[in-house]
Every structure is written in C-alpha cells, then in structure tokens.
Amino acid sequence: MALQGPIPISFDQVFPHGCYLVGNVEQVKDFDASANGRTVYAKDKTTGEPVWQIPVMDGDPTVKASQKTVAVKLLSTTEPTAPPAVPGMPITPVEFVGMTVTPYVAQNGRLAYSIRATGMRPPRAKQTPASKEVAA
C-alpha cells in the first residue's frame, strides 16, 4: 500500500468551521516508559521531537456535543505558544500548521483519528473570491 504513516492534511479539511482553544498546552507523558515516580515524556517515533497536546473545540455546529472537543498533538522541541486571546471573546481561535492525521481502531472497535501538527497560530483571514468588475 502506498499510504504509510501519518497522512498530510490541511487545517481547512479538518476544521472547516475553525477551532478554539479550550485548555492549556501540556507535554504528553509516555505512560509505558514512566515508572517508580519517574516521568518520561513521549517523543514522536518518526522525528524524535517531544509531543505536546492541546484540547480544542471544533467550530462545526453539526458535530455532536460529546465529540466537540479533541486533542491536537503538536511536535516541537520547545513548548508551543498559544495565540493571544481575542479581546471580548471567552475562547481563543487557533489555526494549526503542518497537520497530519493517522487513522486507528479505538478500544471500542470504532475508527478514530490522531491529529498532529507542527505548530499553531492565530487564524488567517478567510479568503473570498475577488469580485470581477464588468467593463462598460
């Protein structure tokens, strides 16, 4: 099979209605390697970079409430910095760059996806097609 490993995907394909930070950036613990009070943090198997995660809320109004919040994993040698809060908004909009998705079978037997990114930033302004002027 030609597809192996994480599949590159755009932010707009994953979050067409945008997404919002609902928690803090945290380094992911490697529970299998941690023992005897010693914490070991997860590293990406391909790049060796530390893995961080941040919970976000999907802006899609059709998504069920129980599926609104997902964790996006960030690969970065330093702790990723969240975009600044938007004045007057209770939650911060965010956009991820360098995104990949990895499908897997969850413990309940259903298909699930691991979403990863290499960075985050404030959302770009949505591009709209330029209106064409008709020559008289």
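Rule-based calculations on the coordinates, nothing more; no lab input. Keep in mind that this is a model prediction, so the values were computed, not measured. Counting neighbours? That spans all protein chains shown, and the Cβs are built from the backbone with ideal geometry, glycine included.
What to note about this one:
- Where the alpha-carbon atoms of the chain are placed on the principal axes, they occupy 78, 44, 31 Å, in descending order.
- Helix-only [θ]222 nm of the chain, DSSP H runs n ≥ 4, -39500 (n - 2.57) each, per residue, nearest 500: -500 deg cm²/dmol
- Placing dummy labels 7 Å off each Cα toward the beta-carbon, the span from K64 to F31 is 2.2 nm.
- Were the residues from T118 through K45 laid out at 0.36 nm apart, the gain over their Cα-Cα distance would be 24.9 nm.
- For the pair Q13 and T102, the difference between a 0.36 nm per residue extended length and the Cα-Cα distance amounts to 30.6 nm.
- Counting DSSP beta bridges with both ends in the chain, the antiparallel % (nearest 5): 90 percent
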